[in-house]
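Everything below concerns the one structure shown next.
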Amino acid sequence: MAKVVIEHLVKVYPEKGGPGVKAVNGINLTVEDREFMVLVGPSGCGKSTTLRMIAGLEEITTGRISIDGRVVNEVLPKDRDIAMVFQNYALYPHMSVFDNMAFGLKLRKLPASEIATRVQEAAAMLGLEDCLRRRPKALSGGQRQRVAVGRAIVRKPKVFLFDEPLSNLDAKMRVSMRAEISKLHARLGATMIFVTHDQVEAMTMGDRICVMKDGNIIQVAEPLTLYNHPVNLFVAGFIGSPPMNFFRGTIQRAGGHLVFVETSARPAPLTLDLGDVLSARAAGHVDRPVVLGIRPENIHDTLTLGTPDPARTVEVNVEVSEPMGPETYLYLDTGVTSFIARVRPTDRFEPGQKIKVTFGLDQAHLFDAATEQVLGNAKSS
C-alpha cells in the first residue's frame with residue numbers, strides 16, 4: 001500500500017472575465033500508509049475536488065501530490081495505481097457482475113485464470129458469489145455498491161478513493177455498508193481516502209478525519225479528538241449529532257468567580273458559574289464577547305441529578321420532546337437561545353412546560369466571538 005502526501009495543493013476553475021473560482025486553497029495533508037482518512041465538510045468545501053485531483057480526474061493548478069513517494073501531477077489516472085468508487089456506482093448495464101468486476105483487469109491483459117481468481121475472492125469477501133451472473137438492473141442498491149467496491153478490490157491498488165459512495169442508499173443500507181467498508185479496510189490493510197458530507201459516516205469510519213471548509217483544511221484529528229477538542233466554532237458545530245449548542249454572551253466577574261452571562265435584553269439573563277476549568281481558559285476574556293458551546297449530553301434534567309449545582313442550574317421552556325427509544329431529545333429555550341438536551345427515555349415532557357436543567361460545564365468550550373477560535377487547549381493531530 002502507499003502513503004499519500006498533498007503539498008500546497010490549489011485548484012482554480014477559470015471564470016470568464018474574472019479571477020476564477022478557487023475550490024482548493026493551498027492545502028497540505030499526509031495520509032499514512034494503511035490509514036483510513038475521511039475528508040468531510042459541507043457542499044462546496046473542496047473535498048471531492050481534492051479527491052479527484054488525487055485520482056487524476058482534475059488538473060492541478062499548483063502544488064504537488066505524491067503517492068508512494070512518486071510525484072503524480074503529470075501521471076495519467078490509469079498509471080497512478082489507484083481505484084475509485086463513485087457515488088453513482090458507474091457500472092456497465094449490459095455486463096454481468098463478473099464482467100463489470102473483471103473489466104479493468106481485462107484491459108490490463110491479465111491471464112483469464114488470475115482474473116477469475118481475483119473476482120471470486122472479491123465476490124466472496126463482499127457476499128456477491130450468487131450475483132456474478134446477474135446484470136446491475138437485477139441488483140439492489142446495496143449490491144450495486146458492493147459490485148463497485150469489488151471492481152476496485154480486484155485491481156489491488158495502492159490507494160482506494162471513495163467519493164460519497166453511500167449517498168444513494170437508504171438509511172438502513174448506509175449503516176450496513178459503513179460497517180462493510182470498515183471491515184474491508186481492516187481485512188485489506190489498505191490506504192483509503194473517503195469523501196462524505198455526513199459527519200456520522202466520518203466519525204464511525206475514519207482513523208483520522210480532515211474537516212474542510214471553503215477550500216481550506218480546518219482540523220485533522222482522530223474522531224474523538226475532533227469531538228472533544230474542536231479548534232473552532234465551525235468544527236464544534238459540524239461534528240456531532242445532534243450538534244453542539246451555542247450561547248452568545250460575555251465573561252464577567254461575580255463575587256470572586258468568573259461567570260458566563262448570556263446576551264439578553266431580559267432583566268435576568270442566563271448566568272452560569274464557569275468553575276475552575278473554564279475560568280482558566282477565560283481569564284483573558286473578561287468583559288469580552290464569547291460563545292459558550294456545550295453538547296446535548298452535558299445538559300441534564302435536574303430530576304436525574306442527586307444534588308444539582310444551583311450556580312449552573314436554570315429554568316427553561318420545553319419547545320419539543322422527541323422520544324428516540326434509548327434517549328429523548330429535548331428542544332429547550334432560554335428565552336433567547338434554543339438548544340437541545342439529551343435526557344433519559346423514561347422522562348416525559350410537554351411543550352410549554354417549565355423545567356430546570358443543569359449545565360455540565362466541565363465538558364463545555366468557550367470560543368472567541370470575533371475569531372471563532374476555541375479558548376484554551378484544543379488538540380489536533
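When DSSP assigns beta bridges and you keep just the ones with both residues in the chain, what percent turn out antiparallel, to the nearest 5? Approximately 75 percent, going by the DSSP bridge assignments. Taking all protein chains together, HIS185, HIS300 sort by accessible area into HIS300, HIS185, largest first [probe 1.4 Å]. Local charge for ILE181 was computed over the other residues whose Cβ lies under 11 Å away, with Lys and Arg +1 and Asp and Glu -1, and equals +3.
The sum of -39500 (n - 2.57) across all DSSP H runs of n ≥ 4, divided by the residue count of the chain, sets its helix-only mean residue ellipticity at 222 nm to -7000 deg cm²/dmol.
Within the accessible surface of the chain, defined with a 1.4 Å probe on protein heavy atoms only, the carbon and sulfur portion equals 51 percent. Phi angles across the range 170-183 convert, under the Karplus curve 6.51 cos²θ - 1.76 cosθ + 1.60 with θ = phi - 60°, into 3J(HN,Hα) values of 6, 4, 5, 5, 4, 4, 5, 5, 4, 5, 4, 5, 5, 5 Hz, Gly and Pro given as x.
Under a straight-distance cross-link criterion of Cα-Cα below 22 Å, which lysines are reachable from LYS137, leaving out those fewer than 8 residues away in the same chain? Qualifying lysines at Cα under 22 Å: LYS172.
Note on the chain: dipole from Cβ charges, positive end direction compared against ALA152, PRO267, GLY215; the farthest Cα belongs to ALA152.
Evaluated at q = 0.12, 0.16 Å⁻¹, the base-10 log of the normalised Debye intensity for the range 231-381, with identical point scatterers placed on the Cα atoms, takes the values -0.49, -0.87. Think of each Lys and Arg Cβ as +1 and each Asp and Glu Cβ as -1; about the Cα centre, that makes the dipole of the chain roughly 1460 debye. Extending 7 Å from Cα along the Cβ direction at VAL71 and again at GLU222 yields two label points whose distance is 3.5 nm.
The HN-Hα couplings worked out from phi for the range 64-78 by the Karplus form 6.51 cos²θ - 1.76 cosθ + 1.60 (θ = phi - 60°) are 8, 10, 10, 10, 6, x, 10, 5, 10, 3, 9, 8, 5, x, 5 Hz, whole numbers, x standing for Gly and Pro. Remark: spin-label model distance THR30-GLN373 equals 2.3 nm, labels positioned 7 Å along the Cα→Cβ axis.
In the set [x] 36, 21, 21; [y] 47, 26, 16; [z] 42, 23, 19, the label that goes with semi-axes √(5λ) of the Cα gyration tensor in Å computed for this structure is [y].
Largest to smallest in accessible area, the residues LYS47, LYS156 fall in the order LYS156, LYS47 (1.4 Å probe, all protein chains included).
For the range 158-231, the share of DSSP beta bridges that are antiparallel, to the nearest 5, is 50%. Ranked from largest to smallest solvent-accessible area, with a 1.4 Å probe on the protein heavy atoms, VAL277, VAL147 come out as VAL277, VAL147.
Ligands, DNA and RNA are left out, and with a 1.4 angstrom probe the accessible area of the chain is 46 Å² per residue. For the range 34-131, a crude dipole built from +1 on the beta carbon of Lys and Arg and -1 on the beta carbon of Asp and Glu, taken about the Cα centre, is about 240 debye to the nearest 20.
Backbone phi angles across the range 319-326, fed through the Karplus curve with coefficients 6.51, -1.76 and 1.60 (θ = phi - 60°), yield HN-Hα couplings of 8, 8, 10, 10, x, 10, x, x Hz in residue order; Gly and Pro are listed as x. Of the whole protein surface, TYR227 contributes about 40 Å² of accessible area at a 1.4 Å probe radius. When the Cα positions of GLN120, ALA280, GLY142 are compared along the charge dipole of the chain, GLN120 comes out farthest toward the positive end, with charges on each C-beta of Lys, Arg, Asp and Glu. ARG155 contributes about 60 Å² of solvent-accessible surface, heavy atoms of the protein only, 1.4 Å probe. Mind jotting down the distance between the C-alpha centroids of the range 279-296 and the range 1-45, whole Å? Measuring centre to centre over Cα atoms gives 33 Å. Could you tell me which of GLY237, PRO308, VAL336 has its Cα farthest along the dipole of the chain towards the positive end, charges placed at Cβ (Lys, Arg +1; Asp, Glu -1), taken about the Cα centre? Working it through, the farthest residue towards the positive pole turns out to be GLY237.
For a straight C-alpha distance cut-off of 16 angstrom, the lysines reachable from LYS47 (same-chain residues fewer than eight places away being disregarded) are LYS11, LYS22, LYS213.
The values are calculated or read from the model by the stated rules, or taken from the named source; none is laboratory data. If you're wondering where the values come from, they're calculated on a predicted model, not measured in any experiment. Neighbour counts run over all protein chains shown; Cβ positions are idealised from the backbone, glycine included. We work out accessible area using only protein heavy atoms, side chains counted, and drop any ligands, DNA or RNA first. Shrake-Rupley method; radii C 1.70, N 1.55, O 1.52, S 1.80 Å.
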